[in-house]
Amino acid sequence: MPGRRPNFVFFIPDQLRADAIGAFGNPYVQTPHLDALAARGTRFDNAYVQHPVCSPSRASFLTGWYPHTAGHRTLTHLIGPDEPNLLRSLKEGGYRVVWPGLRGDTFAPGVTELSVDEHGFGVLPTVMPTLPRIDSWPGGEESARLYYRGREDTDDTRIDSDEATIRTALQWLENPPDQPWALFVPLIAPHCPFGIEDPWFSLHDRDLMPAPVPAADDPDREPAYMRAIRERFGIEGTSPAMWREITATYYGMISRMDDQLGRVMAAVDAAGPREETVTLFFADHGEYLGDHGLVEKWPSAMHSCITRDPLVISGGGLPGGQHTDAMVELLDIVPTVLELAGLEATHRHFGRSLLPVIDDPEAEHREYAFTEGGFSSEEEPRFEYGGFPYDLKSALQHENPELVGRAVAVRDKQWCYVWRLYEEPELYHRPTDPGERANLAGRGEHAAVEARMQQALLRWLADTSDVIPAEPHPRYPRVDLPVPGGQPRQDGTVERASEHLDRVFAHLRSTCGAPAAPDRVTGARPRRPPTAPRSLDAAHNPAGEGLRGPARPVEESMNAVIPVPATTVASAGEPLADGSWHIRSDTELRPEADTLRELLAPHLGSRLLPPGSTPKGYVLRLTSSQAPLAHGRPAVGVPPAGEDQPVDESYEVHVGADGITCRAHTATGAFRAGVTAAQLLITRDELQPQRLCDAPHFAWRGLMLDPARTFLDCSELRRLIDLAALYKLNVVHLHLTDNEGWRLQIPALPGLTPPAADDAERTYYTLAEYRDLQAYAARRHITVVPEIDLPGHCATLRAAVPGLPDAPAPEGLAGRYPYVPPLDLTDDRTREVVAVVLADVCAATDGPFVHIGGDEAFGATEQSLAASVRELLALVGRFGKRPLAWQEASRAGVEPGDVLQHWVDVEMMDLPSTPGELADRPELLAAGHTLERIHALKRFFGPSDHDVERILTGDGRVLLSPQSHLYLDRPYAAEVTPADCPPEQAGLGFPNYRPGSTRCAASWNPLGHAIPEDRIAGVEVTLFAERMRGIDDITTLLLPRLAPVAEAAWTGAAPDWPQHRERLARHEVWWRERGLAYFPDSEIPWH
């Protein structure tokens, strides 16, 4: 190797079979660039992945761990912040690590920032990967079940995700840094669906395509999932011609990927001598492609077409023009790259460097290669739920979890042995049965082979079952429990366990010179401890600055703050006793201190001392600081208050002997710190000395309320604004108009808000009240966004202004929609009326955004909807505000920076299609739904499947409000409803929505929508109020489910449910003290 450390290129296609490459012996496929790369390097003919599915395989080859070692066995259990990975090791070792494009199936939130220096699209895609609806597949459902799309449209302006990734890589390679670098290029192709544009589609002669490996002669000797898939998918009768068609299309996708590889290799060569860069080419797993009568993959599939990998290592001065049949595992990449980079591994891994094999291709490397997959049946609740066309695959797994039972394949050069948890084992003789069709397990003549393989499997499991975590845990944590049999003290309290331990050690030291009490953290620190995202960075905390003693990890039980802070570190000292509190602040933070006093008053009562009073007490102080904060990173998304960049909301909170100090750079940050301090005071019996550091992930964190359907007076709205503030939300979106009511005064149209006998009976907000509500929210650093929902949802406007014409209806459906006809804003009179409304709303609104609705315009043609939405957007812009709309408004066109609210994430609103299906949905029948009404809904919602794609293609921003998790007007699930729950609580919610629990809300990951993070505007919880009777119903549906979603919006990740539910249980006390009704979800351990 040259003296300089080499650069690295990791080129990683998805779902690529090893035998679908020319260099690996395929005479049909055209892969000239990959063949040339292999000719210059080493081809590994016996390399195997460690899992047959994308994310677990990626986690394995980046950590050097097997999937079972740390539980990376699903699509959603990714590499975490406290786990090692190869890219992070390279970055910490001095490499510039670059990841062009976007694949969100590898790292948990925050880990990309720890592992990579540059990430994302420098060249934006014009289309993003989506699964088409059933009616958009060329051959309908039959083609969809084979994942076949065929020839895609040729469009020179079309840039898909892979092409954008390649162009970004090429752009970066034009000016690489002087330091060693690593370019990580993960692609999506040739993952199905099978579709590609010309010339790639027509590149391969269909008549020459190889036939797939037939199914086993004895189907009773193959795993049960294989027959189940063939039968459920209806693909048993697929013709040879169709399999050839699919194969040729798959090969075309590979040839396009090969061309992209060639472009990257040319750019690498142009950037510097080839000897300076090592290229590693490999995939995450393979593809059935008709073998055994199957297509795609399966989580417990162990066949070589799925698990054998096309690994090639070339360049960097390494030997070339060679191949090896040594048994290799993909996790061997970790030590190989670290050795080439001159770095030592700082964690235990199970890989073995491939450099001895590269130096001598005849050398032995491993005796066995292992692949694992599948689940235990008890893990069924964690299985994925896939939309069409993955719905049948998901259904099979959930209906019969044993079909996807845990499995391990053990391979050597002669044999493949597969052990299955719920089925008989398999044994294949590789030289004579490369397609693995003849299961020889159980035959006496092979008993010795089976015994040897079983012993190898047992040794492997014993050796790799786990690893010791890098960070030690406290051996003597503080224990917040009374001493057994302890006698009450004068103040009525009982001595706590940690107090007793401290007193015992103090006595021993004073009487016999005993050593000091043991440190609460024991064990040697790792040489290079991992730095978790959202944890205190030592660079910002030299020598524990600001702490009264040595910092140490704090137990989860020490606070119940929601959202969970990024960092909580214990400080030395005694817990704070119960006492009185002053609230003090720097002069410029006096408004925040006054507001904090208002929020704390219902909880501290007389213990909250008046301003300027002198009695002794603890001090809660808000102070400005320009010193670096541990988590002063910028938030992601659209600032709701109109700033060019998100406001700095980072803060630190110190609990010490004298009270609580809140430090921040801005008034907003100081207020968020004060809210954290408030939660500490009202959710804990005993306040421990500690330091908390935090900052939000998303800039927009909203709560949508619906006074249009259920009117809330101003005092009730203020209570809900306070609730939002106490969970660090910063937007309250008011749905002010709908068919059921119009809640904002428009002086020029008094018929919208009819007069009442007195203010107590009035069911709308005057403009003065609306301004006061905004000021109240602003003092809590919350922006109010009003919504005037048009052109649909317009019954009240129609009643106030008779004679407005209907929007043009779809052919044959005029007058047949069971909804109020939408407005037609191309009509001059209608446009004038709406202009009057929006002029008043915009003039009265302090914030920069006005929401125009744009949703559910049932009965309008797509052209009419688009024209009306364009008029609404133009009017709001003309009156000086920035428009916001629901996702359907994307059909009017999207301009860069437009913000649209995504809510339809359940296909066709999860509605039935046949009388039988409707009969199985009593909640829909009870709500008066008929098939005609449902078909009308489906006709409207059909285009919704592509709304997000339209937003991204137009360079818009997506405000996340997915109906599946963030529509909190859904009923609570029966399984979490206590038996003694009052019927008026148990039956709350909109009956069209499937019920959901608090745990369901807590399972939502805001980064799990295949939307680039930099295109997410933020997160907004919604609660429509069709079936509500008042504020108690509203808070019952919000609480406790609002808390976990607020945490996801603040942290950018789903809460850790076991810990979150414990913290959430402690919030009951302050809900009660504020008079807020809540639902007693039985999965939460209420105190």
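The values are calculated or read from the model by the stated rules, or taken from the named source; none is laboratory data. All of these numbers come straight from a predicted model, not from anything done at the bench. Because the Cβ atoms are built from the backbone with ideal geometry, glycine has one as well, and the counts that use them run over all protein chains shown.
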Conditions first: (1) part of a helix (DSSP H, G or I); (2) acidic (Asp, Glu); (3) free of Cβ contacts under 8 Å to residues at least 12 places away in the same chain. Asp644 passes all but one, so which condition is the exception?
(1)
Could you check segment 367-386 and list, in sequence order, the residues that are at pLDDT below 85 and touching a Leu at 6+ places or on another chain (Cβ under 7 Å)?
Glu384
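Just for segment 387-396: of the residues that are assigned to a helix (DSSP H, G or I) and more than 20 Å from the chain's Cα centre (by Cα), which one is modelled with the highest pLDDT? Show your work before the answer.
Restricting attention to segment 387-396, the residues satisfying the condition of being assigned to a helix (DSSP H, G or I) are 391-396.
Okay, now just the ones that are also more than 20 Å from the chain's Cα centre (by Cα), so 391-393, 395-396.
Values: Asp391: 84, Leu392: 88, Lys393: 89, Ala395: 90, Leu396: 93.
Ranking the candidates gives Leu396 first.
Collect the residues in segment 965-989 that are polar (S, T, N, Q) and either modelled with pLDDT of 90 or more or crowded, with 23+ Cβ neighbours inside 10 Å (or both), keeping them in residue-number order.
Hit for segment 965-989 is Thr977, nothing else.
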Exception for His347 within (1) buried (at least 16 other Cβ atoms within 10 Å of the Cβ); (2) under 30 Å from Gly293 (Cα atoms) falls at (2)
Which one is surrounded by the fewest Cβ atoms within 10 Å (Cβ to Cβ) among residues in segment 676-689 that are over 30 Å from the mean Cα position of the chain (by Cα) and not hydrophobic (A, V, I, L, M, F, W, C)?
Asp685
Number of the exception - Asp105 against (1) touching a residue at least 40 places away in the same chain (Cβ under 8 Å); (2) under 25 Å from Glu287 (Cβ atoms); (3) in contact with a Gly (Cβ under 8 Å, 6 or more places away or on another chain):
(3)
Would you be able to say whether some residue in segment 780-788 is of a type outside the set (Lys, Arg), free of Cβ contacts under 8 Å to residues at least 12 places away in the same chain and farther than 28 Å from Thr595 by Cα?
no
So is Val328 touching a residue at least 40 places away in the same chain (Cβ under 8 Å), touching a His at 6+ places or on another chain (Cβ under 8 Å) and over 23 Å from Tyr390 (Cβ atoms) or not?
yes
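Would it be correct to say that Phe711 is touching a strand residue (DSSP E or B) at 6+ places or on another chain (Cβ under 9 Å) and surrounded by fewer than 21 Cβ atoms within 10 Å (Cβ to Cβ)?
On the way: touching a strand residue (DSSP E or B) at 6+ places or on another chain (Cβ under 9 Å): yes; surrounded by fewer than 21 Cβ atoms within 10 Å (Cβ to Cβ): yes.
So Phe711 fits the description; yes.
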Residue tally, condition surrounded by fewer than 20 Cβ atoms within 10 Å (Cβ to Cβ) and touching a Lys or Arg at 6+ places or on another chain (Cβ under 7 Å), over segment 111-126
4
Only one of Glu384, Glu362, Glu379 that is of a type outside the set (Val, Ile, Thr), outside any strand (DSSP E or B) and farther than 21 Å from Gly1008 by Cα
Glu362
Anything in segment 1054-1073 that is part of a loop (DSSP other than H, G, I, E, B) and either buried (at least 21 other Cβ atoms within 10 Å of the Cβ) or in the same structural domain as Phe107 (by TED's automatic domain parsing) (or both)? List them, or say none.
Ala1054, Pro1055, Arg1066, His1067
Checking Gly71 against (1) more than 20 Å from Ile313 (Cα to Cα); (2) under 23 Å from the mean Cα position of the chain (by Cα); (3) buried (at least 20 other Cβ atoms within 10 Å of the Cβ), only one condition comes out false. Which one?
(3)
Considering only residues of segment 322-344 that are at pLDDT 95 or above and outside any helix (DSSP H, G or I), which is surrounded by the fewest Cβ atoms within 10 Å (Cβ to Cβ)?
Asp325
Here are the criteria: (1) among the aliphatic types (A, V, I, L, M); (2) touching a Leu at 6+ places or on another chain (Cβ under 9 Å); (3) touching a residue at least 60 places away in the same chain (Cβ under 8 Å); (4) in a strand (DSSP E or B). Tell me which single one Leu403 does not satisfy.
(4)
Take the residues of segment 848-865 that are touching a Lys or Arg at 6+ places or on another chain (Cβ under 8 Å) and modelled with pLDDT of 95 or more: which is farthest from Ala892 (Cα to Cα)?
Pro848
How about segment 714-764: which of its residues are surrounded by 23 or more Cβ atoms within 10 Å (Cβ to Cβ) and free of Cβ contacts under 8 Å to residues at least 40 places away in the same chain?
Arg743
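Criterion first (at pLDDT 95 or above, of a type in the set (Gly, Ala, Ser) and in the same structural domain as Ser161 (by TED's automatic domain parsing)) does Ala108 satisfy it? Break it down stepwise before answering.
Details: at pLDDT 95 or above: no; of a type in the set (Gly, Ala, Ser): yes; in the same structural domain as Ser161 (by TED's automatic domain parsing): yes.
No, not satisfied.
Please find, within segment 767-801, the residue that is nearest to Ala867 (Cα to Cα) out of those that are in a loop (DSSP other than H, G, I, E, B) and either in contact with a helix residue (DSSP H, G or I) (Cβ under 9 Å, 6 or more places away or on another chain) or not assigned by TED's automatic domain parsing to the domain that holds Arg870 (or both). I'd like the intermediate steps shown before the answer.
In the first step, residues of segment 767-801 are kept if they are in a loop (DSSP other than H, G, I, E, B); the result is 780-782, 791-794, 801.
Going one step further and asking which of them are either in contact with a helix residue (DSSP H, G or I) (Cβ under 9 Å, 6 or more places away or on another chain) or not assigned by TED's automatic domain parsing to the domain that holds Arg870 (or both), we end up with 780-782, 791-792, 801.
Values: Arg780: 38, His781: 36, Ile782: 33, Pro791: 10, Gly792: 13, Val801: 21 Å.
For segment 767-801, the residue satisfying everything is Pro791.
Only one residue in Ile358, Ile313, Ile333 is among the hydrophobic types (A, V, I, L, M, F, W, C) and either outside the structural domain of Ala211 (by TED's automatic domain parsing) or within 30 Å of Pro425 (Cβ to Cβ) (or both), so which one is that?
Values: Ile358 fails: either outside the structural domain of Ala211 (by TED's automatic domain parsing) or within 30 Å of Pro425 (Cβ to Cβ) (or both); Ile313 fails: either outside the structural domain of Ala211 (by TED's automatic domain parsing) or within 30 Å of Pro425 (Cβ to Cβ) (or both).
Result of the check over Ile358, Ile313, Ile333: Ile333.
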Would you confirm whether or not segment 886-893 contains a residue that is part of a helix (DSSP H, G or I), of a type in the set (D, E, K, R) and surrounded by 23 or more Cβ atoms within 10 Å (Cβ to Cβ)?
yes
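Only one of Ala799, Ala807 is over 13 Å from Gly859 (Cα atoms) and either surrounded by 18 or more Cβ atoms within 10 Å (Cβ to Cβ) or not acidic (Asp, Glu) (or both). Can you tell me which?
Details: Ala807 fails: over 13 Å from Gly859 (Cα atoms).
That would be Ala799, the only listed residue that is over 13 Å from Gly859 (Cα atoms) and either surrounded by 18 or more Cβ atoms within 10 Å (Cβ to Cβ) or not acidic (Asp, Glu) (or both).
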Collect the residues in segment 349-359 that are in a loop (DSSP other than H, G, I, E, B) and touching a Phe, Trp or Tyr at 6+ places or on another chain (Cβ under 9 Å), keeping them in residue-number order.
His349, Phe350, Gly351, Leu354
